[in-house]
Amino acid sequence: MLFLSMAAFGLLLSGTSHPPMAVRVRPTMSLDPADWKLLSRRDQVDGALTLAAAEAGTEAQVVTVTIPRSDDAPSLGLLLDEIATSGDAGIVAVEGLVEGGNGEKATAPLLPGDALVAAAEEGKPTTGVSLEGLPFDSVVERLSSLSSAVGVVVSVKRLVRKPRATVTVRFPEAEGREDARMTLYQGANLRRAMLSSGVALNDPLARRFDAGVGTGDCGGEGTCCTCAVEVAKGLDALSEPSSQEVQMVAKRFPRWRLACKATLGPIEQDEEIVLKVQPRNWDGFYRDDEVDVDGEPLARDGKR
């Protein structure tokens, strides 16, 4: 027997009104619609929408659980909240669990803020229905199409805080500049991140590695060595250097990386990184008798 009533599903729609979705920082699991965004995928001809995290500091992870049901206990035992709706689109999330209900017996905990994206009868994947990006009434209608006599496999998207690195960028003494700070997430490229933050990292006097003579940068191709940085702290939080990068800098300077080739991660926890840009320009790097290609002294005395 299929129960269609709201009570049978253990669903509760909150009666509170919700503001329109907007971007706002909240890097935790939440019932706030501002933490989500609905995306239209070009490869979906049916106009289906995809839920994604609204902020760079969070990501939506898919969590799948099985909720037991039977003829004697057909309810899902979920309290749901339509946290956003606009026409045929919406976001329906778990607000809580019915005390003593089937939701508390799920194979893994469902948490407040989990957004429903799919469901199917246990052991029958062909009965699967999409719940992603739908308003409350459509979600209930599709859940009602599943047999209440068997368990339900429910997939939700859960907002989780992404590990990040706090990066301190230090400059040569002669520049007299304050440290710059950035927040980076896994996969971020050091050179692009610093340039986007207004950090001038390329050393105009660096000797080119590819040509052997002359100065100037290669534009991020990893062949000139002019964007080298010294990693004073957090070296292990960066990607492994390639054999070419090892040959260019790491053999002689183990804590140096080419910013154009170094990326953050993989990391599983927050990290702290300290970078020294233009390491050749720091006091004491060159001997007093070393000169550049034009015969000018390379030693920095802090007065340039």
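The values are calculated or read from the model by the stated rules, or taken from the named source; none is laboratory data. Bear in mind the structure is a predicted one, so any value in this text is a computation, not a measurement. Every residue, glycine among them, receives a Cβ derived from its backbone with ideal geometry; neighbour counts consider all protein chains shown. For accessibility, only protein heavy atoms count, side chains too; no ligands or nucleic acids. Shrake-Rupley method; radii C 1.70, N 1.55, O 1.52, S 1.80 Å.
Anything in the range 215-253 that is of a type in the set (Phe, Trp, Tyr) and within 20 Å of Met194 (Cα to Cα)? List them, or say none. Break it down stepwise before answering.
Taking the range 215-253 and keeping what is of a type in the set (Phe, Trp, Tyr), we get 253.
If the condition is that a residue be of a type in the set (Phe, Trp, Tyr) and within 20 Å of Met194 (Cα to Cα), then no residue fits.
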Assess whether Ala73 counts as being in a loop (DSSP other than H, G, I, E, B) and out of contact with any strand residue (DSSP E or B) (no Cβ under 9 Å at 6 or more places or on another chain).
yes
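Across the range 227-253, which residue is modelled with the lowest pLDDT among those that are open to solvent by 90 Å² or more (accessible area, probe 1.4 Å) and of a type outside the set (Lys, Arg)?
Taking the range 227-253 as the starting set, the residues that turn out to be open to solvent by 90 Å² or more (accessible area, probe 1.4 Å) are 233, 236, 240, 243, 247, 251-252.
Within this subset, residues satisfying the condition of being of a type outside the set (Lys, Arg) are 236, 240, 243, 247.
Numbers: Asp236: 96, Glu240: 96, Ser243: 91, Gln247: 88.
Once the filter is applied, the top-ranked residue is Gln247.
Restricting the search to the range 236-266, which residues are touching a residue at least 24 places away in the same chain (Cβ under 8 Å), assigned to a helix (DSSP H, G or I) and within 30 Å of Val160 (Cβ to Cβ)?
Correct list: Ala237 only.
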Give the residues of the range 69-93 that are open to solvent by 30 Å² or more (accessible area, probe 1.4 Å), of a type in the set (D, E, K, R) and in contact (Cβ under 8 Å) with a residue 40 or more places away in the chain, sorted by residue number.
Asp71, Glu82, Asp88
Within the set of pairs 6+ apart or on separate chains, which have a first residue in the range 267-289 that is without any contact (Cβ under 8 Å) to a residue 12 or more places away in the chain, a second that is part of a loop (DSSP other than H, G, I, E, B), and C-beta atoms under 7 Å apart?
Asp288/Ala299
When the range 131-180 is checked residue by residue, the ones that are over 30 Å from Ala56 (Cβ atoms), open to solvent by 30 Å² or more (accessible area, probe 1.4 Å) and part of a strand (DSSP E or B) are Val153
For Leu97, the lone unmet condition from (1) in contact (Cβ under 8 Å) with a residue 24 or more places away in the chain; (2) within 21 Å of Ser144 (Cα to Cα); (3) in contact with a strand residue (DSSP E or B) (Cβ under 8 Å, 6 or more places away or on another chain) is (1)
Looking at Thr66, Thr50 in this structure, which one is at pLDDT 95 or above and surrounded by fewer than 19 Cβ atoms within 10 Å (Cβ to Cβ)?
Thr66
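So in the range 256-271, with the set limited to residues that are farther than 10 Å from Asp236 by Cα, touching a helix residue (DSSP H, G or I) at 6+ places or on another chain (Cβ under 8 Å) and of a type in the set (D, E, K, R), which one is least open to solvent (accessible area, probe 1.4 Å)? Please lay out each step first, then the result.
Just the residues of the range 256-271 that are farther than 10 Å from Asp236 by Cα, to begin with: 256-263, 268-270.
If we keep only those that are touching a helix residue (DSSP H, G or I) at 6+ places or on another chain (Cβ under 8 Å) as well, we get 256-263.
Subsequent filtering for residues that are of a type in the set (D, E, K, R) retains 257, 261.
Values: Arg257: 9, Lys261: 96 Å².
Here the residue is Arg257.
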